[in-house]
1. Residues of segment B:52-69 being of a type outside the set (Phe, Trp, Tyr) and away from DNA strand D (no atom under 11 Å from the Cβ), which ones?
2. What about residue A:154, is it away from chain B (no Cβ under 13 Å), surrounded by fewer than 17 Cβ atoms within 10 Å (Cβ to Cβ) and modelled with pLDDT under 70?
3. Just the residues that are in a loop (DSSP other than H, G, I, E, B) and near DNA strand D (Cβ under 10 Å from one of its atoms), please, taken from segment A:2-37.
4. Which of the residues belonging to segment A:38-71 are more than 11 Å from DNA strand C (Cβ to nearest atom) and assigned to a loop (DSSP other than H, G, I, E, B)?
5. How many residues are over 18 Å from residue A:84 (Cβ atoms) and either acidic (Asp, Glu) or away from DNA strand C (no atom under 14 Å from the Cβ) (or both) when one looks only at segment B:1-13?
6. Return the residues of segment A:64-111 that are at negative phi, modelled with pLDDT under 75 and small (Gly, Ala, Ser); say none if nothing qualifies.
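The values are calculated or read from the model by the stated rules, or taken from the named source; none is laboratory data. The structure displayed is predicted, hence computed values, not measured ones. FYI the Cβ positions are ideal-geometry reconstructions off the backbone, even for glycines, and counts take in every protein chain you see.
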There are 2 protein chains.
Amino acid sequence: MRLTTKGRFAVTAMLDLALRETGGPVTLAGISERQGISLSYLEQLFGKLRRAQLVESVRGPGGGYTLARTVAEISVADIIVAVDEPVDATQCGGRENCHDNHRCMTHDLWTSLNATIFDYLSKISLASLVDNQKAKDTSVVQDQRTLRRTAACSDAIAGSNAA
Amino acid sequence: MRLTTKGRFAVTAMLDLALRETGGPVTLAGISERQGISLSYLEQLFGKLRRAQLVESVRGPGGGYTLARTVAEISVADIIVAVDEPVDATQCGGRENCHDNHRCMTHDLWTSLNATIFDYLSKISLASLVDNQKAKDTSVVQDQRTLRRTAACSDAIAGSNAA
DNA sequence: GCAATAGTTGACTAAATTACTCGGAATTAG
DNA sequence: CTAATTCCGAGTAATTTAGTCAACTATTGC
């Protein structure tokens, strides 16, 4: 479990996707434009997200990405694990070949700490982020663009909650 | 708040220090040998830990480092923040210069998530890690045969960093 | 005072990772 | 067919990680 900007990008992109997927597949070009993340980088990230079965893709015109599960079934931990390679830096890589009586020190310390952080992030679903985001949006109504987006978000939430 | 191997090294080193400081200042050379972390790298890390006032140094023969506070007053979060540069990757760096109506999305998401993780790690003190470690040590008493493996293990660690 | 010990600092470097670009191939709607 | 879009691999600049090296300062023991 690492926490880097890579994981943040992925979560941001997934949140954007979650907020819009009722209108059919969402293109990476759109996410790129809205979130200020380069298209090519998104392609890499979504390649991993797809292989982790968090999203599904539709090729061709009108294609794009959709969530492979409901927003309630996708956690922040899922996303971060999908894009941040395992790496599992317990130094001995799970094997017990560290120092003699010190071998468990780094090992147990980080495996348990990792487990707890992972556990914590597993309980934060995309659904809760969407809700939070929706609350922010409606409380800061600015112009037409925001209004349109808010409406779309409401649909997105209603639609995916029903499923 | 990032979680990288750098922070892990620092926490490991601090734990080693906490476990031994009753016998006076602990040298970096000792920590280096026991934990398999290069001396020069430890120098860098402890420079930061000292500037963050988590440790105090004693120069000259018999010198080394001691904790600047009690083990109960030092948290894992303190250590990680001390060595992992701020970076604060909210993309807009705290300023509100992100995209128009999307600016708060990444921003709020990560500041709140960061805060929660930070909060969590703030509650894990060195004292609890020390207690945990002591329990492990006494329950898994090693014998002389194990001690000889130490040298070989250092090599194993150096090699497995690539993985 | 001298020598040994140990921290302090800064400059430097190799390797890895991050964040990204480019070019093209596969797929599919219209 | 053509355009839109994902898919894929190679390449790359910037950054970070992890570590080296050398010179320096402070302290202690003799």
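1. Scanning segment B:52-69 gives B:52, B:53, B:54, B:55, B:56, B:64, B:66, B:67, B:68, B:69.
2. On the way: away from chain B (no Cβ under 13 Å): yes; surrounded by fewer than 17 Cβ atoms within 10 Å (Cβ to Cβ): yes; modelled with pLDDT under 70: yes.
Here the answer is yes, as residue A:154 does meet what is asked.
3. Across segment A:2-37, the qualifying residues are A:2, A:4, A:24, A:25, A:27.
4. Within segment A:38-71, A:52, A:53, A:54, A:68, A:69, A:70 meet the criteria.
5. 4
6. If the condition is that a residue be at negative phi, modelled with pLDDT under 75 and small (Gly, Ala, Ser), then A:89 is the only one that fits.
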